[in-house]
Amino acid sequence: MNKLFKFGCFQFLLLIIFSQAFADTIKLKNGRSIEGIIKKEDAECLELEVSSGLVKFSKSEVADIFKSSPEDSDALRSRWQKNKLELNNRLARQKMEVESKPRKAVFSHDARGMTIGVTLNNKVDVEMVLDTGASLILITRDVAKKLGINLDRLKPDMKVMVADGRSVDAAYIVLDNVKVENSEVRNVAASVLMEERGNFGFGDGLLGMSFLKNFNFKIDQKEKKLILEKL
């Protein structure tokens, strides 16, 4: 009975050893050993596939080569894919956790209202009036020009009431992204004010609900901070 038990343990140990021997192993003359899958080998160089890509070695660097079977190579690739998927899932969860945390953006208070710094399309920084009554973000013609928008191609398709009481033409657009501090939203509906001059009363534009609806948001008047929590 003891002999059978020992033999069984020895078989089990061999199974563990061989189940882990998935990779080709390159032993270098500097003492390092690198595991992967040999993709190309000739008299001058050797290419080894590793989880992060291809690594090339001169044959003069190589002390010895230990090759695995095709089945072991397939098993190694499967393990790489599994590890990569697990890593991507972990990073995605971490990103969601970070994005879900409330973030604070400082605003100022002046005659126009609550004014806050906004970055449009990752290239134009503007000062916008926070307006929860505006369904869309609204930007001026000057801001649109800075964004590289061809105003000649825009067709006025809506009306906007400005500070001096006039109803002026505006055109619908979609911004690639809108960022307030570290809170960002992509593909945000907006409008461009087609009027060139006038007392608009909002500086560069209005930060409306097409951005704010993506958050649970609170306005801390005492601390002058907009608190954004991604939905």
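If you keep only loop residues by DSSP, which trypsin sites (Lys or Arg not before Pro) in the range 142-194 have at most 13 other Cβ atoms within 10 Å of their Cβ?
Arg166
Any chance you could run the full-extension gain for Lys213 through Asn122? It's 0.36 nm times the residue separation minus the Cα-Cα distance, nm to one decimal.
Gain on stretching Lys213 to Asn122: 30.7 nm.
Can you compute the modelled spin-label distance between Asp220 and His109, with each label point 7 Å from Cα toward Cβ, in nm?
It is 1.5 nm.
What is the dipole size for the chain, taken about its Cα centre, with +1 at each Lys and Arg Cβ and -1 at each Asp and Glu Cβ, in debye to the nearest 20?
That gives the chain a dipole magnitude of about 660 debye.
Give me the distance in nm between label points sitting 7 Å out from Cα along the Cα-to-Cβ direction at Lys40 and Arg90, one decimal.
3.3 nm
Please tell me the relative contact order of the range 89-223 in percent, rounded to the nearest whole number, where contacts are Cα pairs under 8 Å and at least six residues apart.
Details: 247 pairs, mean separation 39.0, N = 135.
It rounds to 29 percent for the range 89-223.
For each pair in Lys145/Lys213; Lys39/Lys59; Lys159/Lys179; Lys104/Lys222; Lys159/Lys230, compute the distance between the two Cα atoms and list the pairs where it is over 19 Å. Kindly include the intermediate steps, with their values, before the conclusion.
Details: Lys145/Lys213 26 Å; Lys39/Lys59 14 Å; Lys159/Lys179 25 Å; Lys104/Lys222 13 Å; Lys159/Lys230 30 Å.
Flagged as over cut-off: Lys145/Lys213; Lys159/Lys179; Lys159/Lys230.
Counting Lys and Arg as +1 and Asp and Glu as -1, what is the net charge of the other residues whose Cβ lies under 9 Å from the Cβ of Gly36?
Taking every other residue near Gly36 into account, the sum is -2.
Let me cross-check Asp152: its accessible surface, 1.4 Å probe, with only protein heavy atoms counted, in Å² to the nearest 10?
150 Å²
Quick one: if you take sqrt(5λ) for each eigenvalue of the C-alpha gyration tensor of the chain, what semi-axes come out, biggest first, whole angstrom?
63, 23, 15
The values are calculated or read from the model by the stated rules, or taken from the named source; none is laboratory data. Model, not experiment: these values are computed from the prediction. Neighbour counts run over all protein chains shown; Cβ positions are idealised from the backbone, glycine included. What goes into the accessible areas is simple: the full protein's heavy atoms, side chains included, and nothing from ligands, DNA or RNA. Shrake-Rupley method; radii C 1.70, N 1.55, O 1.52, S 1.80 Å.
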